[in-house]
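Okay, so here's the structure we're looking at.
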Amino acid sequence: MKKLYVILINDNVIRSGLADLGRLADAELWLVSSPHYARRLTDEQRAAYARIVVPDDMETTDLVALLDRELPRPRPEQLRFLTNDESCELICARLAEHLGTAGWPAARLLPFVDKMASKAALAGSGLRLPRHLRFDRDRHAADPRGYCERIAAEIGFPMVVKPVDRYASMDVRRLDGPAALRAWASWASSPKDRNSYEVDEFVSGTLYNFDALVQDGRVVWSNVCANLNPCMEFAAGRSLGVWTLPADDPTAVRVSGFGHRALAALRPPDGGVHMEVFGTPDGELVFLEVAARPPGGEMRAVYLRTHGVDIDLAHYLLRAGEPYDVRARPTGELGAWVITPRHAGRVSAVDLPALRSEHTVQVHVSVGETVARASAHIVEPPSAVFMVYGADRAAFGHDMDLLRDLTLYRVEP
């Protein structure tokens, strides 16, 4: 065996079946997957892999020992550990180091896994960062009230608390005053909460995505998207949606410039990059976070149609160091992926919006159904999924406005 690519997935998903990865790279593919992700594999996805390994957990030490036993001997001439999942990035680096094969070093990957490390890497870039600090459990334990007062003085209210290494706004909260901060800090310091947290200044405005593909340390393709609402508002009952901005849109040009400057300072590994940037009401751009992976949701499908780029496939080929030629073929269309949250109650009516652009919708609630609880975060099943496409910018903008504040269904009083 000349090439073996081992793909690790814990929390994230792969939208592509990846059959083309094995074919284009002339490599055998293995998948090492958490039980949670393995249950979601389609038959098409399973068919892409010569072997699927499902360990009980994805702890680094256990995986190193497991794969050291399971991998063929002699080792393949080209063995690579690949992922699109932040929780597996450092595992891939440690596996490569342990097995003596090529891979991106942990120090290079850390700013794309740890939100505090990314901000540290950008500290001298001249780009606007939110006020931030790493929450220190020991300092809180020594003086709970005093430490919370120091956090409040440094960050100010409102503030946002979030894990340094998770995604999809999981365990993210907005705190509006001292009592809320003290209550949260007490919970975050308890043995029941295993997250490491950062505390950030709350920044309001429009959330933008800067998506890019990097090859040989150089950005070879990029695009800017706007979000209907920030991710954390999904749990508050608002739609989550991402839509492509025209390349000549003035805001897209500014966000793209910001993204390129940030990547020059961050030095990402080859592959996909997904960055989030806030645009404030007064026009300031503020860095939020970054990951070395393609965007989530159904943005692979959106980019395939609007730009002719398979961002999932490109990510894995570039990360593996394959000589892949990224050739975008923009169609001139705008595209959007939008999901709507669930809210609790017995559904009395479903109200679909009158969109002007071409679209499809999958509705996952029905009249008479009782929805037990509201959506807690965007990883949970939505009430509906919209895919919207169109070249008419005015009509598309109208549709985004409708979807931004859409209440998909009514419940009985």
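Quick notes on this one:
- Matching residues, region 232-263, being small (Gly, Ala, Ser) and either free of Cβ contacts under 8 Å to residues at least 24 places away in the same chain or not in a helix (DSSP H, G or I) (or both): Ala236, Gly237, Ser239, Gly241, Ala247, Gly257
- Of the helices (runs of 4 or more DSSP H) lying entirely inside region 1-95, not one is found with 1 or more residues being in contact with a Gly (Cβ under 7 Å, 6 or more places away or on another chain) and at pLDDT 95 or above.
The rows are residues; the columns are (1) surrounded by fewer than 20 Cβ atoms within 10 Å (Cβ to Cβ); (2) not aliphatic (A, V, I, L, M).
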| residue | (1), (2) |
| --- | --- |
| Trp221 | yes, yes |
| Pro230 | no, yes |
| Pro246 | yes, yes |
| Arg261 | yes, yes |
| Val273 | no, no |
| Asp282 | yes, yes |
| Gly321 | yes, yes |
| Ala336 | no, no |
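- Check on Asn223, within 26 Å of Pro353 (Cβ to Cβ), modelled with pLDDT of 95 or more and either assigned by TED's automatic domain parsing to the domain that holds Leu90 or in a strand (DSSP E or B) (or both): yes
- The conditions of being out of contact with any helix residue (DSSP H, G or I) (no Cβ under 8 Å at 6 or more places or on another chain) and not assigned by TED's automatic domain parsing to the domain that holds Asn12 are met by Ser196.
- Of the residues making up region 264-285, none is among the polar types (S, T, N, Q) and in contact with a His (Cβ under 8 Å, 6 or more places away or on another chain).
- Residue within region 149-156 that is assigned to a helix (DSSP H, G or I), crowded, with 18+ Cβ neighbours inside 10 Å and not assigned by TED's automatic domain parsing to the domain that holds Leu67 present: yes
- Residue selected from region 154-185 under the condition touching a His at 6+ places or on another chain (Cβ under 8 Å) and at pLDDT 95 or above, by the criterion nearest to Pro230 (Cα to Cα): Ile155
- Restricting Val365, Val277 to residues that are β-branched (Val, Ile, Thr) and closer than 21 Å to Arg261 by Cα narrows the list to Val277.
- Scanning region 91-121 for residues that are more than 20 Å from Ala262 (Cα to Cα), surrounded by 21 or more Cβ atoms within 10 Å (Cβ to Cβ) and in contact with a Ser or Thr (Cβ under 9 Å, 6 or more places away or on another chain) yields Ile91, Cys92, Leu95.
- The single condition among (1) touching a Ser or Thr at 6+ places or on another chain (Cβ under 8 Å); (2) surrounded by fewer than 20 Cβ atoms within 10 Å (Cβ to Cβ) that Gln362 does not satisfy is (1).
- Selection count, region 2-28, where residues are over 23 Å from the mean Cα position of the chain (by Cα) and closer than 18 Å to Gly103 by Cβ: 6
- If you go through region 376-410 and keep only what is surrounded by 17 or more Cβ atoms within 10 Å (Cβ to Cβ) and acidic (Asp, Glu), you end up with just Asp399.
- Residue check for Pro294: surrounded by 17 or more Cβ atoms within 10 Å (Cβ to Cβ) and either touching a Phe, Trp or Tyr at 6+ places or on another chain (Cβ under 8 Å) or outside any loop (DSSP other than H, G, I, E, B) (or both): no
- Test set (1) surrounded by 11 or more Cβ atoms within 10 Å (Cβ to Cβ); (2) out of contact with any strand residue (DSSP E or B) (no Cβ under 9 Å at 6 or more places or on another chain) - Arg373 fails condition number: (1)
- Inspection of region 130-153 finds no residue satisfying the criterion of being in contact with a Gly (Cβ under 6 Å, 6 or more places away or on another chain) and among the small types (Gly, Ala, Ser).
The values are calculated or read from the model by the stated rules, or taken from the named source; none is laboratory data. These figures come from a predicted structure and were not determined experimentally. Neighbour counts are summed over all protein chains in view; Cβ atoms, including those assigned to glycine, are modelled from backbone coordinates with ideal geometry.
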